[in-house]
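Engineer: Here you go, one structure.
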Amino acid sequence: MENTLRKYFIAGNWKMNKSTTDAEDLIKSIVSEIGKQIDVTVAVCPPFTSLDTVSRIVENTNVLLGAQNMYPEINGAFTGEISPDMLRSLFCTYVILGHSERRAYFNETDEFINLKVRSALENNIKPILCVGETIEERDAGNTMNIVERHVVKGLAGVSNDFAENLVIAYEPVWAIGTGKTATPEMAQEVHHQIRRLLSNQFGEAIAAKIRILYGGSMKPANASELLDQPDIDGGLIGGAALESISFNKLVEIAIQKSA
Ligand code: PGA
């Protein structure tokens with residue numbers, strides 16, 4: 001169902017994949033097929049090492065660039081980290097923050113993720129804040145509590161002035177890279193709850209404009225029914241974003257639904 005307040009958004013999370021040469025090949029095939037369309041917001045999030053290369057190729061197209069992480073400070077003695085200024089100098093529009101892999105493998109807390117979300121917004125980069133439960137948390141009936149904690153703590157202190165630049169991605173951890181997808185009804189239930197939380201913080205009018213993406217084994221075969229849900233505004237795509245055929249197809253499905 002097309003929602004006139006929210007354009008569909010398809011974002012590719014390439015994770016720790018693609019050498020610079022492979023990244024160049026992939027982005028060229030994406031740009032040549034869907035680089036001109038304007039019905040759907042499209043972004044790719046390559047590893048830091050390929051941001052510059054990809055940035056030059058997407059220049060003057062409608063494909064936007066995102067990073068997969070960011071440190072909240074502007075500069076300084078933070079060996080190995082990348083700042084919002086550095087991302088902006090490469091024309092990054094988005095940054096993925098709080099991905100479950102960073103929460104699980106790099107011990108990122110809600111408080112640290114919140115610092116990054118606020119820093120991104122203050123520095124003109126739009127955060128894609130990832131939230132979602134593990135299978136143990138779902139089985140214990142804690143899905144809504146976990147998602148509420150991720151959303152409320154992740155967005156603490158964000159003012160209404162910045163809220164429209166937010167993107168939320170609901171990514172059930174058990175669906176990421178596993179081939180298991182949440183049913184459209186399961187996903188919609190959580191997306192609806194997320195929009196209610198956004199409405200509590202920012203008011204209904206702003207909450208109605210914030211895009212909430214679904215992530216977790218989304219692919220051309222299951223995208224259509226997920227995108228049909230009223231509160232699912234697009235996808236954060238991992239595996240299916242590594243091949244231009246499947247990524248472009250996902251964008252085409254979203255374009256058709258926008259018509
Ligand atoms: P997946 O990854 O599509 O491979 O499940 C999604 C993500 O982790 O963002």
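Engineer: List the lysines whose alpha-carbon lies under 23 Å from that of Lys153, not counting same-chain residues fewer than 8 positions away?
Structural biologist: Those lysines meeting the cut-off are Lys116, Lys126, Lys209.
Engineer: If you find the alpha carbon centre of region 1-66 and of region 172-242, how far apart are they in angstrom?
Structural biologist: 19 Å
Engineer: While we're here: Can you work out the PRE-style zone for Met144? Point 7 Å along Cα to Cβ, and I want the residues of region 182-205 with backbone N under 17 Å.
Structural biologist: 185-201
Engineer: Calculate, for Glu204 and Asn124, the FRET efficiency according to 1/(1 + (r/R0)^6) with r their C-beta to C-beta distance and R0 25 Å; round to the nearest 0.05. List each step's numbers first, then the result.
Structural biologist: Working: r = 26 Å, r/R0 = 1.03.
The pair Glu204/Asn124 has a calculated efficiency of 0.45.
Engineer: I need the per residue convex hull volume for region 9-258, using only the alpha carbons, in cubic angstrom as a whole number.
Structural biologist: It is 118 Å³ per residue.
Engineer: For the chain, which longest stretch is free of loop sites, where a loop site is one of the chymotrypsin sites (Phe, Trp or Tyr not before Pro) that DSSP puts outside H, G, I, E and B and that has at most 15 other Cβ atoms within 10 Å?
Structural biologist: Free of exposed loop sites, the longest segment is 107-259.
Engineer: What percent antiparallel are the DSSP beta bridges of the chain, to the nearest 5?
Structural biologist: 5 percent
Engineer: Counting only the heavy atoms of the protein chains, how much of Met144 is accessible to a 1.4 Å probe, in Å² to the nearest 10?
Structural biologist: Per-residue accessible area (Met144): approximately 60 Å².
Engineer: Then there's this: Rounded to the nearest 500, what is the 222 nm mean residue ellipticity of the chain from helices alone, with -39500 (n - 2.57) per DSSP H run of 4+ residues and division by all residues?
Structural biologist: On the way: 12 runs with 118 residues, N = 259.
Computed mean residue ellipticity for the chain: -13500 deg cm²/dmol.
Engineer: Then there's this: Would you kindly find the accessible area of Ser217, with a 1.4 Å probe and non-protein molecules such as ligands, DNA and RNA excluded, rounding to the nearest 10 Å²?
Structural biologist: Its accessible surface works out to 30 Å², give or take rounding.
Engineer: Could you work out the longest stretch of the chain that avoids the trypsin sites (Lys or Arg not before Pro) located in DSSP loops with at most 13 other Cβ atoms within 10 Å?
Structural biologist: Values: sites that count: Lys36, Lys180.
Counting only loop sites that pass the neighbour cut-off, the longest clear stretch is 37-179.
Engineer: Ok, one more. With point charges of +1 on the Cβ of Lys and Arg and -1 on the Cβ of Asp and Glu, referenced to the Cα centre of region 9-258, which listed residue (Met186, Ser224, Ala175) lies farthest in the positive direction of the dipole?
Structural biologist: Sorting the options by dipole projection puts first Ser224.
Engineer: At a threshold of 8 angstrom on Cα-Cα distance, excluding pairs fewer than six apart, so keeping six or more, what relative contact order does the chain reach in percent? Could you put the intermediate results ahead of the total?
Structural biologist: Working: 501 pairs, mean separation 58.0, N = 259.
Relative contact order comes out at 22 percent.
Engineer: Determine the gain in length on full extension of the stretch Lys153-Glu185; use 0.36 nm per residue of separation and subtract their C-alpha separation, reporting nm with one decimal. The partial results should precede the final answer.
Structural biologist: Details: separation 32, 0.36 × 32 = 11.52 nm, distance 2.55 nm.
Stretched out fully, the Lys153 to Glu185 stretch lengthens by 9.0 nm.
Engineer: Taking 0.36 nm per residue of sequence separation and subtracting the Cα-Cα distance, how much length would be gained by fully extending the chain between Ile245 and Ser89, in nm to one decimal?
Structural biologist: Stretched fully, the Ile245-Ser89 segment lengthens by 53.2 nm.
Engineer: Further question: Could you check the spin-label model distance between Phe78 and Gln37? Points 7 Å from the Cα along Cα→Cβ, value in nm.
Structural biologist: Modelled inter-label distance: 3.6 nm.
The values are calculated or read from the model by the stated rules, or taken from the named source; none is laboratory data. Quantities reported herein were computed from a predicted structural model and do not represent experimental measurements. Using ideal geometry, Cβ is built from the backbone for each residue, glycine included, and neighbour counts are taken over all protein chains shown. Just the protein is used for accessible areas: all its heavy atoms, side chains included, with ligands, DNA and RNA removed. Shrake-Rupley method; radii C 1.70, N 1.55, O 1.52, S 1.80 Å.
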